[in-house]
Structures are given as structure tokens and as C-alpha cells.
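Before any comments, here is the structure.
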Amino acid sequence: MSKILIMLNVNGRSHEIACEPNTLLLDCLRQDLGLTGSKRACDDSSCGACTVQIDGVPMLSCALLAVSCQGQRITTIEGVAEHGSLSALQKAYSDWGGSQCGYCTPGFMMTVNALLSETPDPTDEQIGAALSSNLCRCTGYVQMIQAIKAAIRAEQQGRAAKRA
Amino acid sequence: MSLPDFQVLRPRTNAEAVELLARHAGDIRIIAGGTDLVPSMRQKLFTPKFVLDIRAIAELNGIRESAAGLSIGAMTTLAAIERHPAIRKNYSVLREATITVASPVIRNMATLGGNICLDTRCLWYNQSLAWRKSCGFCIKKDGNLCHVAPGGTKCWAAFSADTPPALLCLGAQLEILSPQGVRIVPLQDLYSGAGEAPLKLASTDLLAAIHLPAASSGLHGAYKKLRIRGSIDYPLAGVAVTFRNGAGNPTANSIMKDVRVAITAVNPAPLLVREAAKQLEGKPFGEATAELAGELAGELAAKSARPLTTSALTPEYRKEMVRVLAKRALLSLA
């Protein structure tokens, strides 16, 4: 299949990419741009490991065609660090054991990051509803909820989330 | 698994989309949110030469209120529907069904048009090409035998979308564009009842909008769904119920009017249970009588359900759960 030229805006930078028209956004990010944070797992568009944000809205990059995402802002896990250091949420996930094997973590980060942008102080129910988009087979989710709450507290107090 | 080869066409207007569909008729699939079509294409269930991406058509997106009711563009995402104040207030059964679809992230992508046009599902169909090749092809794709039905001559893949039963209760009408012009079709006329070809849509048709009549505004309604996990899963059974009464909220002595009961995920099409609507019409509904109404609705809804082993859980259990869910739906409104 002959390649086509597309323009994608990923993490604030424009990229001109030659790819086949049937390329999934996930494969384009991983293979053409070397952004391997977004993961392929279930292969039937259910697990959320490939979650990225399109114009700030979390979506599954394994169910999007790369060519369809032209003209939109794409944010991946590589784009959430703040000024070169980990975001409060990333630090809290590490401190509280919100990430174990880590394979699902980038997807969770993109989902939770969008939740906190829209709802800076979510209820337990809202956190639970947001986490229901992604599958984790290690943590049992409890540590993630603790990490998210710690990150919110840290943001409110303007400091890094530390385990008490 | 990678996708089969295809060209992507990205029209900007409905007229352009209809023109492209006509030009490539029979060799083109429409992609909206992609959450149903992309996994199916990966499994080589569809191998079209062209994919028509309608995400960039602005006129297909958005919810418009008018005196006639509510008009929802086919590309409106399920997330936008669950957040819309007029739907929350006046068409609550649609919101209740929408928030059970898949997961919040999938609802950010999935569209109402896509949910209505969802392909039917079966354990023997929604599998990779390698799986289907080794276990046996079926009527729905590449074969001529049904592995789940007695006799095996008819496809019983289950229609597994959540919003259509709610929309059937609301009397939704579809606006369909084709080279012949615009036509308005009641939602129940979209479904053929045949598992292998569930939609009565030509390959030149474009579903443009879903109209909810003003007459259905303010109906009491509930949707209940059976699934294994609390998120992500397709329904294994689903029941929507709506009715109206004269006295605002259901009270001890209210009378049920305009009753509708619809089921999904247990047949090759979503169905209105007309007998339940008929028998419940005019019945009293309140704390003391809801139980009785629920029993009746459940019994008749379960009678219309013909689940086979097309998904997880046994057909007997899913049929029984149709009865239970119909009752629970009514009790939740008492």
C-alpha cells in the first residue's frame, strides 16, 4: 500500500509523517515517532493501555486512524511531565505503589490527568468512574486511588506528594 | 494484528460523503468513532477498499433543540449525550442507557449513530481470522453454518447496543441521506432481525441524525443492563422501560400511560415488547403496585427474548435476567 503524508501535532510539536492510510494512531506514535509510552495490550479496544488525549479528551489510540487525527492536539504520556520533571500525579503513583508492572500506567495517567483537568477535586465516585476505563491486573486499584488523592493534596499545598 | 489495506476518504460535508458512498458503493465502510469497526477490521471481519471517515463533517455533530423535539447529529459522542442538560432533564432513559455503554474513555469516541448501527455480536464471529479458520467459519462471515442455533441455518448473532432500546421507547426517528435524497425512518424499521445483516441500510445510505419527538419529552424511564464487569463490557441483556403519568412523579395512585418496554442483547435486533405496553397501559403504579407491574413487564419481556450461546453466560440465565431487569427498572421508578 502506498504511503501518504500526514501532519500530526503531538505533545506541542508538529510532525510530518509518511505512513500507510490504514495506520493506527498507536502504531504511528510508537513506530514512526518513537513514542513508546502508549502501550498495545488487548488488541480489541477495551483495556485502555493505549489511552492518549485528543484535544485534551482521553481516547484509545488503538481505535483511531492516524490520518483522522490531523489538525488535533495529541498528548501522550511523554507530554505530561512538567518542565522536565515528573508531574505530581506521576510522583504520587511511584510513591504510593500505584504502578507495579507498569504496563497499564501510561494509559491510566492520561485518563486521570484528564479527570483532574476537568475536575480538580473529584469525589471518590468520580475517581472510581474514571478508573473504570482502564484495566490493571496488578494493583487492585486501591493504591492508585491513594496516589491520586495524594497528588491532589500535593497540588493544593503546592508541594510534591510525599508518603506520610 | 494490523488492519487490512484500505484508502481513507475524509469528506467535509454530508453532500460530499453521500457522493463518495455512491461512487464506491459496496466497497466502502463508514467509520465514525471507530470503537466497533476498528477491532472488527483487525479481525478481518471487514476488508473494504475504502473507509469513509466522517469525523470531519461538522454538520453531523451536535444536539439541537426545537419545538419538534431534539435532533442529535449521528456523530455526537455518547459523552456529549450523557452531559447534555436537555437529555438529562427530558429524555432521562437515553442518558441512563448511554452511561452504561462500554467505559468513559470509549464513550468519548463512540457516537450515537455508531451505537445504533452496531454490528451484531457472537462468540463465533468476533474472533481473529486465525481463530475462525481453525474453529470453523459461520453464516455471518465466510461460512454457511451457524454453530449456536439448532439446525444451524439462521444467524442468531445478538444485537448488543445499549442506546437503541431507550431510543425505541422514546419513539426515535432516523434521518437518512442517500443519492435519492433525505428520508425519515422510525428506528424500529432500521432493524431486519437477521443476525448476519442486522441493518436495513443500503451501502449508499448515510445516517445523519436521530430525532427525539417532543411528545416523548419528560417520560419516566429506566434502563437496566446485565454484564460481567461493571465497565467496558457489551450488554448480555438489557431492558428499557418508559411511561408517563398525570401527576408528576409516580405516586401511590398514578396511572401508567404511553407505556413502552424494549429489550436488547438477547435477539438479533432490539425489540419493543408490544404486549407488555398493551397490558400495562392504564395500570396503577406506585409503591404498592410497582411490584405487580414489574412482574408483568418482566414476564412478557422475557417471553420476547430468544438468547442463544452467542456470548458469555448461559441463554437460560440471560432470559431470566431480562425478567429481573424489567422488574428492577420499573421498581427503580416507584
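The values are calculated or read from the model by the stated rules, or taken from the named source; none is laboratory data. Since this is a predicted model, take the numbers as computed values, not measurements. Note that each Cβ is placed from the backbone with ideal geometry, even for glycine, and that neighbours are counted across all protein chains shown.
Data for the structure
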{"item": "Answer from B:62, B:69 - the residue that is more than 12 Å from chain A (Cβ to nearest Cβ), closer than 30 Å to residue B:85 by Cα and free of Cβ contacts under 8 Å to residues at least 24 places away in the same chain", "result": "B:62"}
{"item": "Residues within region B:237-266 that are within 15 Å of the chain's Cα centre (by Cα) and either modelled with pLDDT under 95 or surrounded by fewer than 23 Cβ atoms within 10 Å (Cβ to Cβ) (or both), tallied", "result": "0"}
{"item": "Residue match in region A:104-126 (condition: among the polar types (S, T, N, Q), facing another protein chain (nearest Cβ under 9 Å) and over 11 Å from the mean Cα position of the chain (by Cα))", "result": "no"}
{"item": "Odd one out for residue B:108 among (1) more than 29 Å from residue A:112 (Cβ to Cβ); (2) touching a residue at least 12 places away in the same chain (Cβ under 8 Å)", "result": "(1)"}
{"item": "Subset of region A:6-29 [part of a helix (DSSP H, G or I) and within 11 Å of chain B (Cβ to nearest Cβ)]", "result": "A:25, A:26, A:27"}
{"item": "Answer residue from region A:39-51, given it is within 18 Å of residue A:115 (Cα to Cα) and of a type in the set (Gly, Ala, Ser) and is nearest to the other protein chains (Cβ to nearest Cβ) among those", "result": "A:48"}
{"item": "Among the candidates B:106, B:87, residue that is in a helix (DSSP H, G or I), touching a Lys or Arg at 6+ places or on another chain (Cβ under 9 Å) and more than 26 Å from residue B:192 (Cα to Cα)", "result": "B:87"}
{"item": "Only listed residue being modelled with pLDDT of 95 or more and more than 30 Å from residue A:47 (Cβ to Cβ), chosen from B:181, B:114, B:152, B:195", "result": "B:181"}
{"item": "Yes/no for residue B:162 being touching a Gly at 6+ places or on another chain (Cβ under 8 Å), away from chain A (no Cβ under 14 Å) and of a type in the set (Asp, Glu)", "result": "yes"}
{"item": "Any helices (runs of 4 or more DSSP H) falling wholly within region A:30-144 and containing at least 2 residues that are of a type in the set (D, E, K, R) and more than 27 Å from residue A:8 (Cβ to Cβ)", "result": "A:88-95, A:124-131"}
{"item": "Some residue of region B:297-305 being over 22 Å from residue B:92 (Cβ atoms) and either in contact with a Phe, Trp or Tyr (Cβ under 7 Å, 6 or more places away or on another chain) or assigned to a loop (DSSP other than H, G, I, E, B) (or both)", "result": "yes"}
{"item": "Matching option when the condition is small (Gly, Ala, Ser), on the phi < 0 side of the Ramachandran plot and part of a strand (DSSP E or B), among B:240, B:202", "result": "B:240"}
{"item": "Set B:269, B:326, B:334: member being touching a helix residue (DSSP H, G or I) at 6+ places or on another chain (Cβ under 9 Å), not in a loop (DSSP other than H, G, I, E, B) and not aromatic (Phe, Trp, Tyr)", "result": "B:326"}
{"item": "One residue from B:11, B:48 being over 30 Å from residue A:39 (Cβ atoms), in a loop (DSSP other than H, G, I, E, B) and more than 10 Å from chain A (Cβ to nearest Cβ)", "result": "B:11"}
{"item": "Residue among B:68, B:58 that alone is under 20 Å from residue B:213 (Cα atoms) and surrounded by fewer than 22 Cβ atoms within 10 Å (Cβ to Cβ)", "result": "B:68"}
{"item": "Test: residue in region B:190-198 that is in a loop (DSSP other than H, G, I, E, B) and without any contact (Cβ under 8 Å) to a residue 12 or more places away in the chain", "result": "yes"}
{"item": "Near pairs, Cβ below 8 angstrom, 6+ apart or cross-chain, from region B:230-241 (within 14 Å of chain A (Cβ to nearest Cβ)) to any residue that is assigned to a strand (DSSP E or B)", "result": "B:234/B:121"}
